[in-house]
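Only one structure is covered here, and it is reproduced in the block below.
The numbers here are math on the coordinates, done by the rules we state, and not lab data. Only a predicted model underlies this, so the values are computations on that prediction, with no experimental measurement involved. No Cβ is skipped: glycine too gets one built from the backbone with ideal geometry, and neighbour counts run over all protein chains shown.
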């Protein structure tokens, strides 16, 4: 009598294979595989607008804003007068503008301390390239005057103030 063919019983090698793969990868210098990320959390969005916006809205693309380049002449409370150029690049906290005082051989950035709507900004001036004639670390404010199409600049630090009326080049 013939014996019926034997059925193969599958071996459970998956855990052993995974361990061997991990050890081989570690010996060769490969990092171990990363675990799958946790599932994403879905947060429903309210259908009604909230009373307070979470972020400050950006200005309208064609609307009034400080964004871009401004030039003018600064007047310092202790006498000096100097040309300046400001390029406003953002309205959030952090680096929001680049400033240049070409006749003084000084330039730097403005680190904004508040997020705004694009019609004003406030922060600290940090000079990155400076000469002895420049004062580092002053407080700056730039306000857009929509009526006249200019930006009004104010600076204060170490007992000195400065101001300028800036225009687009």
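Brief remarks on what is shown
- Residues in segment 106-115 that are closer than 16 Å to residue 84 by Cβ and without any contact (Cβ under 8 Å) to a residue 24 or more places away in the chain were compared, and the one that is surrounded by the fewest Cβ atoms within 10 Å (Cβ to Cβ) is 107.
- Matching residues in segment 116-169 - criterion: being surrounded by 15 or more Cβ atoms within 10 Å (Cβ to Cβ) and part of a loop (DSSP other than H, G, I, E, B): 116, 118, 119, 130, 134, 135, 138
- A count restricted to segment 89-105 and to residues that are more than 15 Å from residue 76 (Cα to Cα) and either within 18 Å of the chain's Cα centre (by Cα) or surrounded by 18 or more Cβ atoms within 10 Å (Cβ to Cβ) (or both) stands at 11.
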